[in-house]
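The values are calculated or read from the model by the stated rules, or taken from the named source; none is laboratory data. Quick caveat, the model's predicted, so the values are computed rather than measured. A quick note on method: Cβ atoms are made from the backbone with ideal geometry, for glycine too, and the neighbour counts reach across all protein chains shown.
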């Protein structure tokens with residue numbers, strides 16, 4: 001029986017890592033296409049200029065694809081290891097079905113995207129920036145794919161997992177696993193929200209956070225933090241694939257559909 005369980009566990013690990021590798025390949029292809037064909041559009045949308053490295057856009061795309069496979073591959077493997085220690089689903093929930101990795105993330109992503117649109121309209125008159133800028137189509141699709149996969153590997157898989165391990169160890173004597181996971185989810189969501197300040201600095205041309213409107217900072221942290229919490233909840237329930245789904249569909253509504261509407 002132990003040998004059978006060990007074999008089943010090995011098979012599950014292979015399947016989980018195969019799905020992780022597939023996500024990384026999709027992300028790498030998206031990164032390649034973005035930099036190879038739309039580098040100037042991406043830089044304009046981010047309010048920044050790309051440094052002149054003397055490389056063609058195709059070579060720049062290949063370099064970014066390679067960075068994605070190595071850096072996010074390491075983060076993904078670490079996150080998967082954290083998930084196994086924490087008894088979380090990992091890349092996907094074993095024994096789950098398509099509702100957990102597609103239907104529920106789709107519904108939540110559409111709702112979160114609508115929340116971002118409403119928040120964009122409500123904050124625009126007061127944040128000193130107006131409505132958020134979006135990459136042009138089809139760059140917006142590529143950015144949604146890249147952010148959906150890359151940021152979930154980084155913030156849900158790695159940051160969430162690292163905080164989860166530390167807090168589970170601290171709360172072990174109090175049997176506080178659930179509390180540890182939810183605090184880790186909140187911490188990862190806050191870091192995820194704060195990471196968007198860099199993009200805002202580029203959009204506004206501000207040299208530091210001190211130059212940004214407090215209303216704008218609250219908007220960025222609050223709205224992205226909520227998305228992070230929702231994605232983190234699905235990560236705990238159905239794994240990384242579900243979190244990626246929430247993030248991708250949110251960005252599709254906000255950056256693609258809302259961007260085209262605006």
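General remarks:
- Any chance residue 137 is surrounded by fewer than 17 Cβ atoms within 10 Å (Cβ to Cβ), under 30 Å from residue 178 (Cβ atoms) and either touching a strand residue (DSSP E or B) at 6+ places or on another chain (Cβ under 6 Å) or in contact (Cβ under 8 Å) with a residue 60 or more places away in the chain (or both): no
- Residue 52 falls short on exactly one of the conditions (1) part of a loop (DSSP other than H, G, I, E, B); (2) at pLDDT 95 or above; (3) farther than 22 Å from residue 147 by Cβ, and that condition is (2).
- Residue check for residue 171: farther than 23 Å from residue 230 by Cβ, crowded, with 16+ Cβ neighbours inside 10 Å and in contact with a helix residue (DSSP H, G or I) (Cβ under 6 Å, 6 or more places away or on another chain): yes
- For region 207-214, the condition of being at pLDDT 95 or above and part of a helix (DSSP H, G or I) holds for at least one residue.
- The set of residues in region 131-151 that are at pLDDT 95 or above and over 16 Å from residue 203 (Cβ atoms) comprises 141, 142, 144, 145, 146, 148, 149, 150, 151.
- A single member of 128, 119, 161 is surrounded by fewer than 22 Cβ atoms within 10 Å (Cβ to Cβ), farther than 16 Å from residue 246 by Cα, in contact with a helix residue (DSSP H, G or I) (Cβ under 9 Å, 6 or more places away or on another chain) and at pLDDT 95 or above, and it is 119.
- Condition met for residue 186 (out of contact with any helix residue (DSSP H, G or I) (no Cβ under 6 Å at 6 or more places or on another chain), over 24 Å from residue 116 (Cβ atoms), modelled with pLDDT of 95 or more and surrounded by fewer than 18 Cβ atoms within 10 Å (Cβ to Cβ)): no
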